[in-house]
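Beneath this line is the structure, given in structure tokens, with notes to follow.
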Amino acid sequence: MVLTALAACSTPTSDAPAPRAVEKAQMSQPVGVRLVSPTTDLCGAGDMQWLVGKPKTEIPVPVDVVNRRVTCTTCPVTEEFSPHRLNIFFNDRTDIVEQVRCG
């Protein structure tokens, strides 16, 4: 019985390459799913790049506090990605903004 289970896990003998399956899955996204291009700036990070190299005290007070995160580069943060959230990372020793990006 163990041999049967192992045989089921073996590499398929199909000639269809795996990338085709990935392409097909990407093309058949469920209705309502919006694909976001990596170059899309949904959080406005491009407009805030002027902060890089400035003290964190120059970060403007946000109008929408839900979609902005200000934290140090070594501080723990949640790992879920939100293309609408603006992340501003500063160095915890120097208080200088090092990175501004969506996520």
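Every number in this text was worked out from the coordinates using simple rules, so none of it is lab data. All values derive from a computational prediction rather than experimental measurement.
Tabulated values for the structure
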| quantity | calculated |
| --- | --- |
| Other-chain or far-sequence residues with amide H under 5 Å of Asn87's (modelled H) | Arg69, Arg101, Cys102, Gly103 |
| Karplus-derived HN-Hα couplings along the stretch 56-71 (A = 6.51, B = -1.76, C = 1.60, θ = phi - 60°), whole Hz, x at Gly and Pro | 4, 5, 8, 5, x, 5, x, 7, 10, 5, 5, 9, 9, 10, 10, 7 |
| Span per principal axis, largest first, for the Cα atoms of the stretch 52-103 (Å) | 27, 24, 13 |
